[in-house]
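The structure appears right after this line, and notes come after that.
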Amino acid sequence: MKCTQYYPVLQTADVAGLAGFYIGNFGFRALFDSDWYCHLQSTEDAGVNMAILQADHPTIPEGHRGETRHVILNFEVADVDAVHDRAKDLGLEIVKPLCDEDFGQRHFITCDPQGNLIDIITPIQPSAEFLSQFAPEAVGA
């Protein structure tokens, strides 16, 4: 299988509200927008996409409709500190404060109105303890 694109799809009871959250706070725009589905693309990088889907839509297999399970969305950015400052200015709830992790991330976590966690990350040099767990090409070694 040769994958030509990959993106998460969040199921929700409020397509417009959840899409508006990502448009207003994280620089997405709608490429397709209906009352049951919205495909979002980053205004800064066309390769970054996500979608919002009405949780009870008939395209979802029976037995899975209506579910709005939470996920963690990771957004890797060049300057996590600037994004953190913007998130605070926007009044977003910071559920994990900005910090450096030994495994090679400077990050913070916020959440959307549905409770999905949004982890904003800038890669940093991992500690010696974690460095051996990375493939050489993953840390530029």
Completion exercise
Going fewest to most other Cβ atoms within 10 Å around each Cβ, Y22, Y6 line up as Y6, Y22
Handout entry: Formal net charge of residues neighbouring P113 (Cβ-Cβ distance under 11 Å; K, R +1; D, E -1)
Key = -3
Handout entry: Taking F103, F75, F26 and counting other C-beta atoms within 10 Å, the order from fewest to most
Key = F103, F75, F26
Completion exercise
Longest the chain segment clear of GluC sites (Glu not before Pro) sitting in DSSP loops (not H, G, I, E or B) with at most 11 other Cβ atoms within 10 Å runs 94-141
Completion exercise
Ranked from fewest to most other Cβ atoms within 10 Å of their own Cβ, R86, R106, R69 fall in the order R69, R86, R106
Problem - Cut-off 15 Å between beta-carbons: net charge of the residues surrounding C38, Lys and Arg +1, Asp and Glu -1 - result: -3
Handout entry: Debye intensity ratio in log₁₀ form over the Cα atoms of the chain, taken at each q of 0.12, 0.20 Å⁻¹
Key = -0.58, -1.23
Handout entry: Cα-based shape type of region 1-58, given that a ≥ b ≥ c are square roots of the gyration tensor eigenvalues and the cut on a/c is 1.5
Key = oblate
Exercise for the section: Among DSSP beta bridges whose residues both lie in region 1-138, state the antiparallel percentage, nearest 5. Expected result: 70 percent
Exercise for the section: Please work out the C-alpha center-to-center distance from region 1-72 to region 76-127 and express it in whole Å. Expected result: 21 Å
Practice task
Restricting things to alpha carbons, tell me how big region 69-141 is in terms of Rg and Dmax, in Å.
Solution key: 13.6, 40
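Each reported figure results from applying straightforward, stated rules to the coordinates on display, with no laboratory input. Computed from a predicted structure; not experimentally measured. Note: ideal-geometry Cβ built from the backbone for every residue, glycine included; neighbour counts use all protein chains shown.
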